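Engineer: Submitted below is the structure of interest, expressed as structure tokens.
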Amino acid sequence: MSLQASFISLDGRRLASALAGQVVGGEVQVHEEVGSTSDLARELGAAGYAHGVVIFAECQTSGRGRRENRWSAPPGQDLLCSILLRPSVRMEHWARLTTMAALGICRAIEITTALRPEIKWPNDVFIQDKKCAGILAETFTGEGGAYMVLGIGLNINTDSYPPELRDIATSLRLANGDGRLLDRNLVAIALLKQIDRLLPLWEHGYGSVIDEVRRRSRLLGHVVKARVEGREVEGMASDLTEEGHLLLTLADGSALTLTSAEQVRMT
Ligand code: BTN
């Protein structure tokens, strides 16, 4: 009788050797348990660690999402990672990182599975109408200047969600539907390779990023509702601007540009 494994560990040496020579993953740390990989990356940033250091954890005890939400994941099943970045691009463009990360996640999923991910503007990735990944990009200032921490939670092998999340969250394993565990190392390598390939487009060439994001957008062409400055607006998500902002066409024909913080949902 063979026992089916329920866990494929992240292998720091394998990750580091697959990413050797890249900027992203020039140093890779894999921790069994941390509070939050993003909090740890923030500390490393303050301590002067280099652009491109990646922190993975098998378990987070205080994982953070956007808007003060918690980010929970069962130990050893998903990808919980944060990348320390010291951007050389103009600060007005730092917010573009979220969109590049969303694109990198989609490409990595397509490289390692047969699934068709979509980007739900501005920073979620969906598969089969459920969220499978979230992005938290934060900016900090330390002695060596300002830096960013790109936190990514990508659901890979989680095989069940509590009732309140069952209709809105999924993992690559659940979406695949065959019950098999994915090798998280392969997904992590694909993800960090794609982010490494996208970073040079951060300032020059960003138009090509937006073109691909448009094609992968979950919202474009759909009627959405958004909270803007405390009031609810409804409109057609008609396009992304060259900066990656969402253009809504309202019922009276006027246009509204959403810059990112607003909560948007499909009607
Ligand atoms: C969101 O969708 O609200 C963003 C979720 C980001 C979660 C990741 S998991 C790795 C990193 N560490 C954290 O504490 N948060 C991010």
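Engineer: Can you send over the solvent-accessible area of ARG86, 1.4 Å probe, protein chains only, in Å² to the nearest 10?
Structural biologist: Approximately 60 Å² of ARG86 is accessible to the 1.4 Å probe.
Engineer: What would the Debye formula give as log10 I(q)/I(0) at q = 0.19, 0.21, 0.34 Å⁻¹ for the alpha-carbon point model of region 223-266, no solvent?
Structural biologist: -0.49, -0.60, -1.38
Engineer: Of PRO117, PRO74, PRO162, which is the most mobile in a GNM of the chain whose springs link Cα atoms less than 10 angstrom apart?
Structural biologist: Highest fluctuation of the listed residues: PRO162.
Engineer: Once the dipole of the chain is set up with Lys and Arg at +1 and Asp and Glu at -1 on Cβ about the Cα centre, which of ILE210, LEU115, THR257 lies farthest towards its positive end?
Structural biologist: Positive-end residue among those listed: LEU115.
Engineer: Which loop GluC sites (Glu not before Pro) in region 127-172, with loop taken from DSSP, have no more than 15 other Cβ atoms within 10 angstrom of their Cβ?
Structural biologist: GLU143
Engineer: Using Cα pairs under 8 angstrom and six or more residues apart, how large is the relative contact order of region 12-215, in percent?
Structural biologist: 22
Engineer: Between ASP167 and HIS93, what is the spin-label point distance in nm, taking each point 7 Å from the Cα along the Cα→C-beta axis?
Structural biologist: According to this spin-label approximation, the distance is 4.2 nm.
Engineer: Over all Cα pairs of region 145-267, how is the pair count split among 5 Å bins, expressed in % and running from 0 up to the last occupied bin?
Structural biologist: So the P(r) values, bin by bin, are 2, 9, 13, 15, 16, 18, 15, 9, 3, 1.
Engineer: Could you identify which residue out of MET236, MET100, MET91 has the top mean-square fluctuation in a GNM of the chain using Cα springs shorter than 10 Å?
Structural biologist: Fluctuation is largest for MET91.
Engineer: Quick one: with all protein chains in place, what share of the accessible area of the chain is carbon or sulfur, to the nearest percent (1.4 Å probe)?
Structural biologist: 49
Engineer: Under the classification rounded if a/c is under 1.5, otherwise prolate if a/b is larger than b/c and oblate if not, where does the chain fall, given a ≥ b ≥ c as square roots of the Cα gyration tensor eigenvalues?
Structural biologist: Verdict is oblate for the chain.
Engineer: Placing unit charges on C-beta atoms (Lys and Arg positive, Asp and Glu negative, everything else neutral), compute the dipole magnitude of the chain about its Cα centre in debye, rounded to 20.
Structural biologist: Result for the chain is approximately 380 debye, rounded to the nearest 20.
Engineer: Follow-up. Please compute the contact order of region 223-266 in relative form: average sequence separation of alpha-carbon pairs under 8 Å and at least six residues apart, divided by the residue count, as a percent.
Structural biologist: 37
Engineer: Using a probe radius of 1.4 Å on heavy atoms only, what accessible surface per residue do you get for region 223-266? Whole Å² is fine.
Structural biologist: Result: 56 Å² of accessible area for each residue.
Engineer: Quick check: net charge around SER208, other residues with Cβ under 12 Å of its Cβ, Lys/Arg +1 and Asp/Glu -1? Mind showing how you got there, number by number?
Structural biologist: Numbers: positive: ARG197, ARG214, ARG215; negative: ASP211, GLU212, GLU242.
Combined, the nearby Lys, Arg, Asp and Glu give 0.
Engineer: At ALA46 and THR267, where each label point lies 7 Å from the Cα along Cα→Cβ, what is the point-to-point distance in nanometres?
Structural biologist: My value for the distance between the label points is 4.6 nm.
Engineer: Moving to a separate point now. Using a Gaussian network model of the chain with C-alpha springs under 10 Å, which one of PHE140, PHE126, PHE56 is most mobile by mean-square fluctuation?
Structural biologist: PHE140
The values are calculated or read from the model by the stated rules, or taken from the named source; none is laboratory data. The structure displayed is predicted, hence computed values, not measured ones. For neighbour counting, all protein chains shown are included, and Cβ atoms are generated from backbone atoms with ideal geometry for every residue, glycine included. Surface accessibility is based on the protein's heavy atoms, side chains included, excluding ligands, DNA and RNA. Shrake-Rupley method; radii C 1.70, N 1.55, O 1.52, S 1.80 Å.
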